[in-house]
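Laboratory data are not the source of any read-out in this text; all were calculated from the coordinates shown. As the structure is a prediction and not an experimental result, all values here were calculated from the model. So basically every Cβ, Gly included, is an ideal-geometry build from the backbone, and we count neighbours across all protein chains shown.
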Amino acid sequence: MATLEIKNLHARVAEEDGEQILRGVDLEVKSGEIHALMGPNGSGKSTTSKIIAGHPAYEVTDGEILLHLEEGDFGDLEIPDDARTWNLLELEPNERAALGIFLGFQYPAEIEGVTMTNFLRTALNAKLDEREELLFGEDEEEEEEDVGYDTSPMEGNVDDGEVGVAEFQKLLKEKMDLLDMDEKFMQRYLNAGFSGGEKKQNEVLQAAILEPSIAVLDEIDSGLDIDRLQDVSKGINALRDEQGTGILQITHYQRILEYVEPDYVHIMLDGKVVKSGDASLASELEDKGYDWVREEVYEAA
Amino acid sequence: MSAQLPANLSEETVREISDARDEPEWLLEARLEALEALDTLELPDVIQTPGRRWTNLEALDFESLVDPLNQSDETTREAPDDVVVLPFTEALDEYGDLIEERFGSVLDLETNYLTALSAALFTTGTFIYVPEDVNAEDVKIRAEMNSRSLFSHTLVVTEKSSSVTILEGTESGDADVEGERYFSNLVEIDAGENSYVQYGSLQNLDEDTYTYSLKRGDAGTYSTINWIEGNLGSRLTRSDIETELNGDASETKIVGAFFGHNDQHLDVNARVWHKAENTTADLVTRGVLDDHARSVYEGVQDVGRDAWSTNSYQRENTLMLSDESEADASPKLIINNHDTEASHAATVGQVDKEDLFYMVSRSIPEETARNMLVEGFFVPVLEEIEVDEFREDLEELIAARLD
């Protein structure tokens, strides 16, 4: 079981006199759990998610983010004893992803000229490569290959990577069926011209393919109609139920929580997690609003 | 200011080139006229911004770059049977009258100093003739430059309702030539009624070579001339692609890709003149610059007074991979007929940081992600290419440059 542990996280915008946004976030998410992180605009939810993934726009000024791994987190792959706890803040964003951190973006990038198939297969193979390198050190057997030749913007490096084209197509089709996504997406350019809902479905699809230990989903529910919300919710539940992914779901609204029932609900205010509870906390929040939390927290203090 | 006439250039030189190739009298005369015009012609205009002249052609030392009597190239030509594709000189025997009529008819040989120099001295090039109703795919011309200097002239004539797709590749051969070199390439296309031409050109000369290229098309009624121009090689390239839309309902696309690195300098230009009714033009250029490379782009859409119901679009995007690279872009739109739908835009920017982060957050290492974004950036150009081999070559060269 993997555990994402955020301890006393302080962070600011990485520029001169950058605004302090996080003021001591504590949070723990384990594989198989669903956490909802709620809070008003500007409370630091999105920033927290971006810092977990390693966005360069923020500078961590204090605290740490640890990822604890256990045997079995990567299927049959053995995890050496000395590679079971990782300080994510010391890792590059792609290394964090390789160890099982996934960020679902609120506004996914639209990338012309890179097909979904090429992107996802490249990502999956890069993840497997990088993970092996992190766990076991440099892979000496494989010489740097000249990848200049068999590359194509439509298909990617045909011969490159552990997961071949055919195998990947099969995997992709399976996951797309699950999310009720049309196969035509496979040959489309990454998010280019996708509707808001299609982009969000695509985020969940990517998580399904990359099989993260912990998926942080930043407002995956915003801009979705009810049908799409159900598809996306089904996808999120499947991540947890079938892959044992731990979910940290950032949302403004109670709505998605009816379909993706959280085990834990956390409320952020002014850069801190100020209140945690079970699913009933979200309902209570819906009834009483953030002012209620604010009053409770600051009166207690 | 006109450039100095190289001392090794005289009427004798031109006669010697022409004699050696047993050319008809009219061609010798045309060469001699061009030679004479050198005295008064200027170098091509280049973009100037305050305090700066971006492409400094005056600085070229033609005296040492031009070695007219030792030109050498190895050129292969592949074509389907029903289209005529011949070395320019060989074509004169059988198609002399047609060539005499059309040579220099689309591209004014006295456009500037460099075109006249090219006309006076050219020793290689291709004549392509597509008879009426013939559809010819995959005409492939591959030229290797093996000398200090090389001047090439290509003439394409398409008859009524014919079509042809052409790939012209230019690279440096194995010949051991020390120091700087000069390659000049003039191409003219005379597109007959309702004919279709795609002319793709891929320049990958070594980085000691200076190149000048002017390609110009005359599009007849209902005809289409589509240019695709890839520039990856050379030390300095000055490339101009131009179409005159002279026939009603004629169309053109000018699609360009360049990828400069080291201290390459690429000066690329796309121009279209709308001179008839219902004409359409689409100018698309995508360029990438790394290291200290520089690019200059000028695009011109000129809508004439009689060009009723015109559609004209222009986009140029330059992507900079290093802080030391430089780019200047100048898209121009001149409208003399109000019945026009037109747009023009140019952007210069770096790889989008959010795009990059998105990809990296999916485990893709930063360099791979950047390379994918660059390859993706060229896709709109790659998608236009109809000769598969050309597309594959360009993809390969782009991938190799990213390694």
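Amide H to amide H, which residues 5 or more places from residue B:279 or on other chains are under 5 Å from it, using H placed in the peptide plane?
Long-range HN contacts for residue B:279: B:249, B:311.
First select every other residue whose beta carbon is under 12 angstrom from the beta carbon of residue B:36; then total the charges, Lys and Arg +1, Asp and Glu -1.
-4
Given charges of +1 on the Cβ of Lys and Arg and -1 on the Cβ of Asp and Glu, with all other atoms neutral, how large is the dipole of segment A:14-141 about its Cα centre, in debye to the nearest 20?
In total the dipole reaches around 880 debye.
Amide H neighbours of residue B:243 under 5 Å, at least 5 residues apart or on other chains, H built in the peptide plane: list them.
For residue B:243, whose amide H was placed from the backbone, the distant partners under 5 Å are B:217, B:271, B:272, B:273.
Tell me which of B:173, B:149, B:184 sits at the most positive position along the dipole axis of segment B:140-186, charges placed on C-beta atoms (Lys, Arg +1; Asp, Glu -1).
The one lying farthest along the dipole's positive direction is B:184.
Any idea which of A:98, B:300, A:40 is furthest toward the positive side of the dipole for the protein assembly as shown, if Lys and Arg beta-carbons carry +1 and Asp and Glu beta-carbons -1?
A:40
Hey, got the average number of other protein chain Cβ atoms within 10 angstrom for residues in B:349-360?
Mean number of neighbouring Cβ atoms from other chains: 6.
Does the protein assembly as shown come out rounded, prolate or oblate by the C-alpha gyration tensor, with a ≥ b ≥ c the root eigenvalues, rounded set by a/c under 1.5 and, if not, prolate when a/b is larger than b/c and oblate if not?
prolate
What is the average number of partner chain Cβ atoms found within 10 Å of a Cβ in B:369-377?
Mean shielding by partner chains, rounded to a whole number: 6.
Could you check the simple spin-label distance between residue A:77 and residue B:45, using points 7 Å along Cα→Cβ, in nm with one decimal?
Each label point lies 7 Å from its Cα, and together they span 6.0 nm.
Have a look at B:95, B:222, B:182 and tell me which one the Gaussian network model of chain B (Cα, springs below 10 Å) gives the largest fluctuation.
B:95
With the dipole of segment B:11-348 worked out from charges on the C-beta (+1 for Lys and Arg, -1 for Asp and Glu) around the Cα centre, which of B:265, B:109, B:13 lies farthest toward the positive end?
Of B:265, B:109, B:13, it is B:265.
Using the eigenvalues of the Cα gyration tensor, what equivalent ellipsoid semi-axes result for chain B when each is taken as the square root of five times the eigenvalue, whole Å, largest first?
Semi-axes (√(5λ), whole Å): 32, 26, 21.
Can you give me the relative contact order of chain B as a percent, contacts being Cα pairs under 8 Å and 6 or more apart?
10
Going by the alpha-carbon gyration tensor, a ≥ b ≥ c the square roots of its eigenvalues, is segment B:276-403 rounded (a/c under 1.5) or, if a/c is not under 1.5, prolate (a/b greater than b/c) versus oblate?
prolate
Please go through the residue pairs A:200/A:234; A:45/B:353; B:160/B:275; A:7/A:45 and name each one whose alpha carbons sit more than 18 Å apart in this structure.
A:45/B:353; B:160/B:275
Where does each of A:70-78, B:324-332, B:223-231, A:174-182 land if you order them by average Cβ count within 10 Å, highest first?
B:223-231, B:324-332, A:174-182, A:70-78
In whole Å, how far is the Cα centre of segment B:277-307 from that of segment B:76-154?
25
Taking segment B:99-154, which GluC sites (Glu not before Pro) meet the DSSP loop condition and have no more than 14 other C-beta atoms within 10 Å?
Within segment B:99-154, the qualifying GluC sites (Glu not before Pro) (loop, at most 14 other Cβ atoms within 10 Å) are B:132.
Just in segment B:23-62: which GluC sites (Glu not before Pro) are loop by DSSP and have at most 14 other Cβ atoms within 10 Å?
B:42
Let me confirm one metric for peptide A:49-59, namely the mean number of other chain beta-carbon atoms within 10 Å of its residues' beta-carbons.
The mean count of partner-chain Cβ atoms within 10 Å per residue comes to 2.
With charges set only on the Cβ (+1 for Lys and Arg, -1 for Asp and Glu), what does the dipole of the protein assembly as shown come to about its Cα centre, in debye to the nearest 20?
For the protein assembly as shown, the charge dipole is close to 2720 debye.
Please report B:354, B:251 as a ranked list, fewest other C-beta atoms within 10 angstrom at the top and most at the bottom.
Ranked by crowding around the Cβ, least crowded first: B:354, B:251.
About its Cα centre, what dipole magnitude does chain A give when the only charges are +1 on Lys and Arg Cβ and -1 on Asp and Glu Cβ, stated in debye to the nearest 20?
That gives chain A a dipole magnitude of about 1600 debye.
Going by the alpha-carbon gyration tensor, a ≥ b ≥ c the square roots of its eigenvalues, is chain A rounded (a/c under 1.5) or, if a/c is not under 1.5, prolate (a/b greater than b/c) versus oblate?
Prolate, since a/c reaches 1.5 and a/b exceeds b/c.
To the nearest 500 deg cm²/dmol, what mean residue ellipticity at 222 nm is calculated for chain B from DSSP H runs of n ≥ 4 alone, each contributing -39,500 (n - 2.57), summed and divided by the residues?
-6500 deg cm²/dmol
Tell me the mean residue ellipticity at 222 nm calculated for chain A from its helices only (DSSP H runs of n ≥ 4, each -39500 (n - 2.57), averaged over every residue, nearest 500).
About -11000 deg cm²/dmol.
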